[in-house]
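Here is the structure we will look at, set down as structure tokens.
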Amino acid sequence: EEALLSGSADAGLLTPHTGFPTQRNGIKKIWYRGKFGQNTTGLPLPLGAIAVRRDLSPDVKMKLNAVLSNGIRYALQHPEAPMEFVGRYAQATDPDVCRSHINLYVNEFSVDLGEKGRLAVDTLFQKSKEAGYFPQITEPVFTDQ
């Protein structure tokens, strides 16, 4: 929000952590991803992504993927483990709100998107292209492609 208000960014993705300040202070909402997801496609809404440079070796990409997947699996097996970290940095301090935010990202889709999750990502890119938000994605999106 600060980057938008200061003029150092032309656009941004605002999350629940910012309180969705659109339409105030001169910030104009151009797209609301929450209404796009399951209402539009019937698929899960991709909430985030781990990005890795394309020029890294496939081995490095796979090792990074394994480390992140293992961390998510650990958090699934030990649900209180991420609470201290999230509580330290979250704007919301209510434990139920923190747990809800953790559950958005620490779930089985985060370990393995599976066919439905991959279709959701591909559909998001396609719908975004059709709406004129992004150009066609021509390079592989997933590390194992």
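The values are calculated or read from the model by the stated rules, or taken from the named source; none is laboratory data. Values in this document were obtained by computation on a predicted structure and should not be read as measured data. A quick note on method: Cβ atoms are made from the backbone with ideal geometry, for glycine too, and the neighbour counts reach across all protein chains shown. All accessible areas refer to the heavy atoms of the entire protein, side chains included, with ligands and DNA or RNA removed. Shrake-Rupley method; radii C 1.70, N 1.55, O 1.52, S 1.80 Å.
For (1) part of a helix (DSSP H, G or I); (2) of a type in the set (D, E, K, R); (3) under 18 Å from Gly42 (Cβ atoms), each residue gets a yes or a no:
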{"site": "Met83", "(1), (2), (3)": "yes, no, no"}
{"site": "Thr93", "(1), (2), (3)": "no, no, no"}
{"site": "Val97", "(1), (2), (3)": "yes, no, no"}
{"site": "His101", "(1), (2), (3)": "yes, no, no"}
{"site": "Glu115", "(1), (2), (3)": "yes, yes, yes"}
{"site": "Ala120", "(1), (2), (3)": "yes, no, yes"}
{"site": "Leu124", "(1), (2), (3)": "yes, no, yes"}
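Return a yes/no flag: does region 125-145 have any residue that is in contact with a Lys or Arg (Cβ under 6 Å, 6 or more places away or on another chain) and either among the hydroxyl-bearing types (Ser, Thr, Tyr) or open to solvent by 40 Å² or more (accessible area, probe 1.4 Å) (or both). Taking every residue of region 125-145 in turn, at least one turns out to be in contact with a Lys or Arg (Cβ under 6 Å, 6 or more places away or on another chain) and either among the hydroxyl-bearing types (Ser, Thr, Tyr) or open to solvent by 40 Å² or more (accessible area, probe 1.4 Å) (or both). The set of residues in region 84-122 that are among the aliphatic types (A, V, I, L, M), open to solvent by less than 60 Å² (accessible area, probe 1.4 Å) and either at pLDDT 80 or above or under 16 Å from Asn70 (Cα atoms) (or both) comprises Val86, Ile102, Val106, Val111, Leu113, Ala120, Val121.
I'd like to check something: does region 48-58 contain any residue that is open to solvent by less than 80 Å² (accessible area, probe 1.4 Å) and under 18 Å from the mean Cα position of the chain (by Cα)? Yes: region 48-58 contains one or more residues that are open to solvent by less than 80 Å² (accessible area, probe 1.4 Å) and under 18 Å from the mean Cα position of the chain (by Cα). Which of the residues spanning region 126-140 are of a type in the set (Asp, Glu) and assigned to a helix (DSSP H, G or I)? Matches in region 126-140: Glu130 only. State whether the residues of region 47-61 include one that is assigned to a loop (DSSP other than H, G, I, E, B) and at pLDDT below 75. Yes; the residues of region 47-61 include at least one that is assigned to a loop (DSSP other than H, G, I, E, B) and at pLDDT below 75.
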